[in-house]
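All remarks here apply to the structure that follows.
The values are calculated or read from the model by the stated rules, or taken from the named source; none is laboratory data. The structure presented is a predicted model; accordingly, all values stated were derived computationally and were not measured. So basically every Cβ, Gly included, is an ideal-geometry build from the backbone, and we count neighbours across all protein chains shown. For accessibility, only protein heavy atoms count, side chains too; no ligands or nucleic acids. Shrake-Rupley method; radii C 1.70, N 1.55, O 1.52, S 1.80 Å.
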Amino acid sequence: MSSASYRPVQKALHWAIFLLVLACYGLTYNEVFFAKGDPIRDLSWWSHISLGLLLTALIAARLLARLTLGTPPLPSTMSGMEVAAAKGAHFLLYALMIGIVGLGITLTWLRGDALTFFGLFTIPAPMAPDRDLAHQVKELHELCADGILVVAGLHAVAALWHHYVRGDDVLTRMLPRRSAR
């Protein structure tokens, strides 16, 4: 059993990114409730882009934290296959996070829109609009968004399995406070 825990900054980034991914995903469904041109639909899109930019910054910070602070060792009771699955899932989560934000930024620019962060600053599109390519990028963006929900769901199930079935600390080391065992 491992006694190490993630650092507070790593925990904060983990949970903030989780919440932002859910918020961005949820905002995409507002378009089914509001017609094109409706101010609430426009606000949802603007918020989705702003939160996506915040997500980009937090993902970069999380990667930096992972590279500089490392990760606690996995329990020694895990088999080689379990360790490989855990490392593969984490790699896939990071790849999907990077893919989602990169594709989202590209999609916004291909639609001819500038990126804006809650109205505080704007990054104009460095490319000409291309609706056909934007459609393809949108499909990839949505595929990655759906994929991250599936992989994150499996990640959560694995953490709960470790906690309730295996009785190890894989889950508790990422919780905001270490619980006494």
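The table that follows gives values for the structure above.
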{"item": "Region 127-178-region 1-57 distance, computed between alpha-carbon centres (Å)", "result": "12"}
{"item": "Given (1) 1.33; (2) 2.23; (3) 1.18, the label whose value is Cα Rg over 2.2 N^0.38 Å derived from this model", "result": "(3)"}
{"item": "For the chain, accessible area per residue (1.4 Å probe, heavy atoms of protein chains only), Å²", "result": "59"}
{"item": "Whichever lysines have a C-alpha closer than 19 Å to that of Lys36, once near sequence neighbours (fewer than 8 apart) are set aside", "result": "Lys138"}
{"item": "Per-residue [θ]222 nm for the chain (sum of -39500 (n - 2.57) over DSSP H runs n ≥ 4, rounded to 500)", "result": "-22500 deg cm²/dmol"}
{"item": "On Cα atoms only, tilt of 131-161 relative to the major axis of the chain in degrees", "result": "20"}
{"item": "Helix axis angle, 39-69 relative to the chain longest principal axis, alpha carbon, degrees", "result": "40"}
{"item": "Relative contact order, percent, the chain [alpha-carbon distance under 8 Å, six or more residues apart]", "result": "27"}
{"item": "In degrees, nearest ten, helix 80-110 long axis to first principal axis of the chain (Cα)", "result": "10"}
{"item": "For region 20-83: rounded, prolate or oblate by the Cα gyration tensor [a/c cutoff 1.5]", "result": "oblate"}
{"item": "Sites Thr68 and His163 - FRET efficiency at Förster radius 22 Å, r taken between beta-carbons, to 0.05", "result": "0.20"}
{"item": "Contour excess over end-to-end distance, with Cα ends at Leu22 and Ala57 and 0.36 nm allotted per residue", "result": "11.0 nm"}
{"item": "Fraction of accessible area attributable to carbon and sulfur, region 28-80 (%, probe 1.4 Å)", "result": "68"}
{"item": "Cα lying deepest toward the dipole's positive end in the chain, options Val165, Leu64, Ala152, charges on Cβ", "result": "Val165"}
{"item": "Cross-link reach list, aspartates and glutamates versus Lys11, counting only Cα pairs under 20 Å and skipping chain neighbours closer than eight places", "result": "Asp168, Asp169"}
{"item": "Extension reserve of the Val150-Ser76 stretch, reckoned as 0.36 nm per residue once the Cα distance is removed", "result": "23.9 nm"}
{"item": "Accessible surface ranking that places the most exposed of Glu82, Glu142 first, with a 1.4 angstrom probe", "result": "Glu142, Glu82"}
